[in-house]
Amino acid sequence: SQQGEEDPQALSIQEGENATMNCSYKTSINNLQWYRQNSGRGLVHLILIRSNEREKHSGRLRVTLDTSKKSSSLLITASRAADTASYFCAREHGHLSETSGSRLTFGEGTQLTVNP
Amino acid sequence: DVKVTQSSRYLVKRTGEKVFLECVQDMDHENMFWYRQDPGLGLRLIYFSYDVKMKEKGDIPEGYSVSREKKERFSLILESASTNQTSMYLCASSLSASASSYEQYFGPGTRLTVT
């Protein structure tokens with residue numbers, strides 16, 4: 001399977017603390033993306049990191065990618081109660097066709113709970 | 001902003017019924033996707049389409065079919081619904097390979113219950 005592992009499956013922290021979620025994968029990737037899903041809703045794209053990048057920032061989000069270890073991490077700094085959600089990494093690999101984009105393979109997600 | 005809409009948020013159908021799930025996007029995206037999401041299994045790709053009238057099987061196409069007659073609309077069809085198709089169904093769209101970013105935009109999901 002090309003699905004990887006996300007770790008931890010669940011994380012509970014206090015507001016103001018940092019949250020770190022990890023993602024590992026098995027095959028080579030074009031890029032890796034992180035998504036967020038609020039309970040019972042669709043996914044929202046957070047950040048994309050390309051295979052030739054090592055670190056990327058967006059607001060309170062920091063994503064790292066280590067292609068030698070086939071792993072990525074998402075750090076949310078100074079967490080807020082509103083950050084409570086499930087977070088998914090998605091590996092982009094291969095191509096749908098010559099003219100289309102690539103397909104994504106999603107992990108099972110990390111459920112983050114930020115307590116006020 | 002990109003908007004992906006799905007025809008129903010909640011749907012209850014009986015075993016054996018034919019079920020249509022509709023998805024519409026308003027950003028002229030080439031690619032469209034159908035996933036199902038189940039606890040402990042994450043998102044699994046059912047079918048995708050990279051052009052009008054084009055479709056490709058994903059990881060779990062059995063029991064499903066799709067239709068894409070217009071660029072903005074991608075329909076998922078359960079020919080004869082079964083209880084093991086009770087799930088959350090998510091539609092997504094994205095730009096083509098010529099774009100610099102392949103992020104997918106998701107609809108709000110349809111929670112289907114088959115009794």
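The values are calculated or read from the model by the stated rules, or taken from the named source; none is laboratory data. None of the values given here were measured: they were computed from a predicted structure. Reconstructed Cβ throughout: ideal geometry from the backbone, glycine too, with neighbour counts over all protein chains shown.
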Of the criteria (1) under 30 Å from residue B:55 (Cβ atoms); (2) within 12 Å of the chain's Cα centre (by Cα); (3) more than 14 Å from every other protein chain (Cβ to nearest Cβ), which one residue A:28 fails: (2)
The one condition in (1) more than 10 Å from every other protein chain (Cβ to nearest Cβ); (2) in a loop (DSSP other than H, G, I, E, B); (3) in contact (Cβ under 8 Å) with a residue 60 or more places away in the chain that residue A:108 fails to fulfil: (1)
Subset of segment B:8-52 (residues that are within 16 Å of residue A:41 (Cβ to Cβ) and among the polar types (S, T, N, Q)): B:8, B:37
Residue in segment A:49-68 that is in contact (Cβ under 8 Å) with a residue 60 or more places away in the chain and either surrounded by fewer than 18 Cβ atoms within 10 Å (Cβ to Cβ) or among the charged types (D, E, K, R) (or both) present: no
Residue match in segment A:5-15 (condition: closer than 26 Å to residue B:48 by Cβ, within 14 Å of another protein chain (Cβ to nearest Cβ), surrounded by 13 or more Cβ atoms within 10 Å (Cβ to Cβ) and touching an Asp or Glu at 6+ places or on another chain (Cβ under 7 Å)): yes
Residue check, residue B:111 more than 9 Å from chain A (Cβ to nearest Cβ) and in contact (Cβ under 8 Å) with a residue 24 or more places away in the chain: no
Selection count, segment B:50-70, where residues are out of contact with any Ser or Thr (no Cβ under 6 Å at 6 or more places or on another chain), more than 9 Å from chain A (Cβ to nearest Cβ) and closer than 22 Å to residue B:8 by Cβ: 8
Unique residue being more than 8 Å from chain A (Cβ to nearest Cβ), closer than 18 Å to residue B:3 by Cβ and without any contact (Cβ under 8 Å) to a residue 60 or more places away in the chain when the list is B:75, B:93: B:75
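Looking for something loosely packed, with under 12 Cβ neighbours inside 10 Å and touching a residue at least 12 places away in the same chain (Cβ under 8 Å) - is there at least one such residue anywhere in segment A:71-78?
Scanning segment A:71-78 turns up at least one residue that is loosely packed, with under 12 Cβ neighbours inside 10 Å and touching a residue at least 12 places away in the same chain (Cβ under 8 Å).
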2 or more residues farther than 24 Å from residue B:38 by Cβ and touching a Ser or Thr at 6+ places or on another chain (Cβ under 9 Å): qualifying strands (runs of 3 or more DSSP E) within segment A:8-83: A:10-14, A:19-24, A:43-50, A:55-58, A:61-66, A:71-76
Within segment B:7-46, tally of residues that are within 9 Å of another protein chain (Cβ to nearest Cβ), in a strand (DSSP E or B) and either of a type in the set (D, E, K, R) or in contact with a His (Cβ under 9 Å, 6 or more places away or on another chain) (or both): 1
Close pairs from segment B:1-28: first on the phi > 0 side of the Ramachandran plot, partner charged (D, E, K, R) and surrounded by 12 or more Cβ atoms within 10 Å (Cβ to Cβ), Cβ under 9 Å, at least 6 apart: B:28/B:71; B:28/B:72
Hey, residue B:63 farther than 19 Å from residue A:106 by Cα and surrounded by fewer than 16 Cβ atoms within 10 Å (Cβ to Cβ) or not: yes
Residue in segment A:54-62 that is at the interface with chain B (Cβ under 8 Å from one of its Cβ atoms) and modelled with pLDDT of 90 or more present: no
